[in-house]
Every structure is written in C-alpha cells, then in structure tokens.
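Scroll down for the structure; my scribbles are underneath it.
The values are calculated or read from the model by the stated rules, or taken from the named source; none is laboratory data. Note that the structure is a prediction, hence the values are computed from the model and not measured. Because the Cβ atoms are built from the backbone with ideal geometry, glycine has one as well, and the counts that use them run over all protein chains shown. Accessible surface areas use protein heavy atoms only, side chains included; no ligands, DNA or RNA. Shrake-Rupley method; radii C 1.70, N 1.55, O 1.52, S 1.80 Å.
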Amino acid sequence: MTATACGRQAWRQLIRSTASNLRQQQPLQPRFAFSRQISSTTRSLPSRTATRSPFSLLRQQPFAQRSYSSQGQPPPPRGSNNQVKFWPFLIVIALGSGGYILLVNRRKEMPPTTDQSTPAFSPADVTVLFVLGGPGAGKGTQCARLVRDYHFTHLSAGDLLRAEQDRPGSQYGQLIKDCIKNGAIVPMEVTVALLEKAMREAGSSKFLIDGFPRKMDQALKFEEVVCPARLVLFYDCPEAVMEQRLLERGKTSGRADDNAESIRKRFRTFIETSMPVVDHYETENRVVKVDATPTPDQVYAETQAKLKKVLGDKL
Ligand code: UDP
Ligand code: MG
C-alpha cells in the first residue's frame, strides 16, 4: 500500500467516525426564551441533517444551533429555563425584605435614644461632678460624705449597671454581667441612658457621677447629650493600696468583681482606658486631684478644701 493510499484510507476513517459521532449527538438545547420564534423557519433541520454527509453536517452546525422548536420536537429541555430566570430576582427580593425587617427590629431594641443636638440639662441649672479614680480608690466613701454635707445626689454608674443587670427582663443583663466580671466597659449607650434616666428621676440640681466616664467616648457622649460636667474629682491612689482594699472589701461585698483575677483586669482597664479620660480633662484644667492614700477622714478634708477653692464655700 502506497503512502497516498494509506493517507486516503486514514482520511476516510476519520470522516466515518466524525459522521457517526455527530449522529449520536443530542439535539442542541435552547438557551433563550425567544428561540422558539426563530425555530419556526428551521425546525426541520435536524431530520434533514441526519442523512447528509459529514461535510454538510459540519457546515450546518451554525444552523443546527437554531433548531429549537416547540413543534414536533422534544418538549423544552428539562429545567425550563423560563422559570429558572426568575429565581435570582426572587432571592434578591427575599434577602432585601429580610434585611429591612431585621434592621427595623434592631432599631426597636435600641436603648432609649440619646441622640439630640443640645444636652438634656443645662450646666447653668445643674452642676455635675465626675468622680474618678482606680477601683478601690475610695470614690464611694467620699461621695457618701459629700452627699451628707452638701446635698449632692450621688449616682454610681457601677450601681446603676448592677441594678439594670438584676432587673428582670433587662435585655442588657447578660452583657453587663460579662463586662463587670471581666472589668470591661459596658457599651456607653447603656450607661449614658441609665444615668440620664436616673438624673431625670432625681430632679436634683447637684450630681456626683461616681465611676463615670471610664472611657473617652462616654465622656464626650455624656457631655454632648446629657450635661457638660463642671469638673472631675480624681482620687489618686497606688495600685498596691487599692488591691489591698478591694481584697478586704471582697470578703463581705458579694461583688462578682472583687476577686484577684477581676481586680487585675479592672486595673488594666483603668490604666489603659480610664486614665486617658483624666488626662483629657487635665488639659482642660477641669481636674481636682486628691491623694487617696491616707485615712478616709484625711482624704475628705483635702476633698472639701480643694472643692471649696473651685466651687466656693457652699460647693
Ligand atoms: N462599669 C462600666 N462603666 C461605667 C462604670 C462601671 O462598665 O461607667 C462597670 C465596669 O465593669 C466596672 C464595674 O462596672 O469594673 C464596677 O464599677 P464600680 O464603679 O462599681 O467599681 P469601683 O470603681 O467602685 O470599684
Ligand atoms: Mg464604687
């Protein structure tokens, strides 16, 4: 057999196998809805093409793709693409509506809004003193004396949070509990809202806000929406002294955070988060600093003397 004969035979073989492959092919599947209209002019093509030569078959390929007919053809291929096309829209609409409903419900659950352009109380009518100092510095003890002698209303942020935590049905109960145990700061919206509510209920004109603000965002928010503070009374105390006092208090206080581990975390939060608040007010000359190391009587004497200098004898 010559090389040409061999080539011819191989060529024929190739043609034959191509033809049989094409015959076995399924009719092409319609991909677009409008294909049915197109197909009315070409619907007989598949049956014709089946008997033609492989070459004509190959030439007919582009037309074969248009042979989508609803008449005399297999029913529209499975999964009817007409319907499938709507799913993405349905999904987008469902997701959009779901998201909107979630958002509306979220807003309903927010604590009472504190978003207002002017503070709820004017500093001309109401005097607010922030009382700050590390945990165990003695803020509560000194506040009690100021209340006794000068008729301040004492609001302890920690006490308000503990009361909210124990209030049946409170949606913040667990969050507050976790924060207190870990010496972390409760989100300011909760604390600011509790303080504003307590101030309204007290109806007083002189407030000691004890243990607040412990973070810059709280300070700014409170002064923006509730009342600008007159000054910060800061009790300065070494960590070792505070730790000793807290461990002693822990024997009877029943507080979940008066234990060695929580105390350590509270110290860290105080240094990292609360001291910048004191520093901020110091730059504004609004801090009255008192050494909190001596006995409560001595600390109180210094407190009175320093406050009187700034606020006058009647405080
Ligand atoms: N706390 C808070 N935000 C505040 C005040 C208190 O999150 O503005 C939380 C914080 O977890 C803190 C705990 O309440 O450690 C106890 O605060 P409290 O003022 O009673 O502690 P103290 O300084 O008197 O030991
Ligand atoms: Mg306290």
Cα extents of the stretch 185-315 along the three principal axes, largest first, in whole Å?
36, 35, 30
Could you put S117, S204, S97, S274 in order of accessible surface area, largest first, with the 1.4 Å probe and the full protein assembly present?
S117, S97, S204, S274
Report the FRET efficiency, 1/(1 + (r/R0)^6), for D149 and Q174, where r is their Cβ-Cβ distance and R0 is 30 Å, rounded to 0.05.
0.15
Using DSSP to define loop residues, name the trypsin sites (Lys or Arg not before Pro) in the stretch 131-171 whose beta-carbon has at most 11 other beta-carbon atoms within 10 Å.
none
Excluding Q174 itself, calculate the net charge of residues whose Cβ lies under 13 Å from the Cβ of Q174, where each Lys or Arg counts +1 and each Asp or Glu counts -1.
0
Under a no-solvent Debye model with one identical scatterer per Cα of the stretch 121-204, what's log10 I(q)/I(0) at q = 0.12, 0.16, 0.20, 0.23 Å⁻¹?
-0.41, -0.72, -1.06, -1.26
Label-reachable residues, the stretch 156-171, where backbone N falls under 11 Å from a point 7 Å from R200's Cα toward its Cβ:
none
Can you pick out the pairs among K177/K308; K181/K314; K221/K265; K181/K306; K251/K309; K197/K289 whose Cα atoms lie more than 32 Å from each other?
K177/K308; K181/K314; K181/K306; K251/K309
Ranked highest first by average number of other Cβ atoms within 10 Å, how do 180-190, 163-173 line up?
180-190, 163-173
The long-range amide H neighbours of F234, using H built 1.01 Å from N in the peptide plane and a cut-off of under 5 Å, are L132, V288, K289, V290
Accessible surface, the stretch 235-315, averaged per residue in Å² (probe 1.4 Å)
59
Just for the Cα atoms in the stretch 247-315, what are the lengths along the principal axes, largest first, rounded to whole Å?
41, 28, 17
If R0 = 45 Å, then V104 and R255, at their Cβ-Cβ distance, give a FRET efficiency to the nearest 0.05 of 0.70
